[in-house]
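The values are calculated or read from the model by the stated rules, or taken from the named source; none is laboratory data. All values reported here derive from a predicted model rather than from experimental measurement. Here Cβ is always computed from backbone atoms with ideal geometry, including for glycine, and neighbour counts include all displayed protein chains.
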Amino acid sequence: MIKSTKVHGFTLIELLVVIAIIGLLSTLAVVATNYARAKAKVAVAQNDIGYIAQAINMLANDTNLWPGQQAVNEVGSGSSNEICDDGCTFGLADDRSGLLDHVAGEYSGWDGPYLDRELTDPWGNTYFFDTDYQVDVNNEPCGCGGGGCVNAVVVGSYGPDGLRNNLYNCDDIISIITR
């Protein structure tokens, strides 16, 4: 006697449920990956900013000047004191900043270079140095939740939105050198 074997297949509904579950899991994986990438970019920017702040402190120790020949430990209150590439007189990689090279005679005691290369943030923008950046009581850019804004000396990135020309905002990533 020959036994009959029945082959059982999947129903259309079962296949659709499996496809829906796979789609949901794929979506969650993509969202998690994008979130991790965004966090990694912020971490890279924070690391670069720390490196630049260290270079600025080394320049200050050797020459008693900050980039742009600005006096050390003086928090500014005017304009034209920003060191950035877009909308400023010159950027951190310029010889006048004193970090990569210097114009002869401008920085007495210069023993650099203090940076090994020009840095751009993960979003393709140059970093900035500002001696009158507005920060709140939480040491965040002014207007980001804390009150009592004061001027501070900072190194920073314009963040993911890349807004420049003194259009600082809450997505800026900064490190305060002094307040």
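Residues being surrounded by 15 or more Cβ atoms within 10 Å (Cβ to Cβ) and at pLDDT 85 or above: count how many of those fall in segment 102-112.
Looking only at that region, the number is 2.
I'd like the residue in segment 142-159 that is at negative phi and not in a strand (DSSP E or B) and, out of all such residues, is surrounded by the fewest Cβ atoms within 10 Å (Cβ to Cβ).
First pass over segment 142-159, keeping only residues at negative phi: 142, 144, 146-147, 149-158.
When the remaining residues are screened for being not in a strand (DSSP E or B), the result is 142, 144, 146-147, 149, 158.
Working: Cys142: 19, Cys144: 15, Gly146: 14, Gly147: 9, Cys149: 16, Tyr158: 24.
Step by step, filter segment 142-159, then rank; the result is Gly147.
Output the residues belonging to segment 104-147 that are in contact (Cβ under 8 Å) with a residue 24 or more places away in the chain, hydroxyl-bearing (Ser, Thr, Tyr) and in contact with a strand residue (DSSP E or B) (Cβ under 8 Å, 6 or more places away or on another chain).
Those that are in contact (Cβ under 8 Å) with a residue 24 or more places away in the chain, hydroxyl-bearing (Ser, Thr, Tyr) and in contact with a strand residue (DSSP E or B) (Cβ under 8 Å, 6 or more places away or on another chain): Tyr107, Thr126, Tyr127, Thr131, Tyr133.
State yes or no: is Val150 under 23 Å from Val44 (Cα atoms) and either touching a residue at least 24 places away in the same chain (Cβ under 8 Å) or in contact with a Pro (Cβ under 9 Å, 6 or more places away or on another chain) (or both)? Walk me through how you get there before you give the answer.
Details: under 23 Å from Val44 (Cα atoms): no; either touching a residue at least 24 places away in the same chain (Cβ under 8 Å) or in contact with a Pro (Cβ under 9 Å, 6 or more places away or on another chain) (or both): yes.
So Val150 does not fit the description; no.
Being touching a residue at least 12 places away in the same chain (Cβ under 8 Å) and at positive phi: is that true of Asn64 here? Give the derivation first.
Working: touching a residue at least 12 places away in the same chain (Cβ under 8 Å): yes; at positive phi: yes.
Spelling it out, Asn64 is indeed touching a residue at least 12 places away in the same chain (Cβ under 8 Å) and at positive phi.
Okay, residues lined up against (1) closer than 22 Å to Gly159 by Cβ; (2) in a loop (DSSP other than H, G, I, E, B); (3) not β-branched (Val, Ile, Thr):
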residue	(1), (2), (3)
Val17	no, no, no
Ala20	no, no, yes
Leu24	no, no, yes
Tyr35	yes, no, yes
Val42	yes, no, no
Ile56	yes, no, no
Ala60	no, no, yes
Asn73	no, yes, yes
Leu92	yes, yes, yes
